[in-house]
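Here is the structure we will look at, set down as structure tokens.
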Amino acid sequence: MSYANLNIWIRYSDCGLVTDCWMTDLVIKTCGGDYLVDMDTTVIEKLRAKYADHEKVEVLPNYQGETRIRIKPPRGEHINHIEVEVPPGCYVVWTRVCHGRNEETNKVMVIVGCGDHACVNLLLNSVETCTNEVLHPLLVRAVEMRLPKQELGLVAEVMMKVAEKPKKELIVELGQRLEEVRDRKDTELQKAIGTIMEIVKAMPGKQD
């Protein structure tokens, strides 16, 4: 079987290459959910040979909820590129970036055939961006869990602070989302958004 060559680049959200990552925990899974290192044990052997001068190239089973390939460059050096040989197939790729701030990159799907060369660019968003992306679904989930309103208020307040989301802006967004689902039959979602809006509106003015 002819393997494919996968070049993985780690980038900031402005597309510039990450310059301060001192260790990364790579995840490569098939689109069927199988870990590459479980499916083909030669992958890690080839990586160890390729990065023989690195401090670590090892498999971490069930680390932070995933089976990861930890790659740590020589002391004092940084990493933003990994080259991996993979069997032909469809993969989902992302990595954990150790650099003192947000850690997980986005996920990218890539399809490669025998002898193919493919580039995967993983974007590392800021914590604020990530928080904004999960703010609304997290608040809805908190309502669905039937948390007491006092706890819901605390969740919303903390998330708003981390996301640097002003109260007025969140109320506008909630109104837009409520309008989007008004004609749908999902009354539970409507109620959840309405509950969140009620809680946010009741917050002190300092949240503006």
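Bear in mind that the values in this text are calculations on the coordinates, not laboratory data. Here the structure is a predicted model, which means the values were calculated and not measured. With ideal geometry, Cβ positions are generated from the backbone for all residues, glycine too; neighbour counts draw on all protein chains shown.
Across the alpha-carbon set of the chain, the Rg to Rh ratio works out to 1.09, Rh being the Kirkwood radius.
For helix 127-144, what angle does its Cα long axis make with the longest principal axis of the chain, in degrees from 0 to 90 and rounded to 10? Once rounded, the angle reads 60 degrees. Magnitude of the charge dipole for the stretch 128-207, about its Cα centre and with charges confined to Cβ atoms of Lys, Arg (+1) and Asp, Glu (-1), is about 260 debye.
With a Förster radius of 45 Å applied to the beta-carbon distance between Leu154 and Glu180, the computed FRET efficiency rounds to 0.95. Exceedance of the 25 Å cut-off in Cα-Cα distance is limited, within the set Lys29/Lys165; Lys29/Lys72; Lys29/Lys185, to Lys29/Lys165; Lys29/Lys185. Angle of helix 187-201 to the longest C-alpha principal axis of the chain, folded into 0 to 90 degrees and rounded to 10: 70°. Max-minus-min Cα coordinates of the stretch 127-208 on each principal axis give 34, 24, 24 Å, with the largest extent listed first. Please express the Cα-Cα pair-distance distribution P(r) of the stretch 4-125 as a list of whole percents, one per 5 Å bin, running from 0 to the bin with the greatest distance. Whole-percent P(r) values from 0 Å outward: 2, 11, 23, 26, 22, 12, 3, 0.
Separation of the stretch 1-43 and the stretch 45-106, taken as the distance between their Cα centroids, equals 6 angstrom. Against the compact-protein benchmark of 2.2 N^0.38 Å, the Cα-based radius of gyration of the stretch 8-62 scales to 1.32. The alpha-carbon of Lys107 sits under 13 angstrom from the alpha-carbon of none of the aspartates and glutamates, leaving out residues fewer than 8 places away in its chain.
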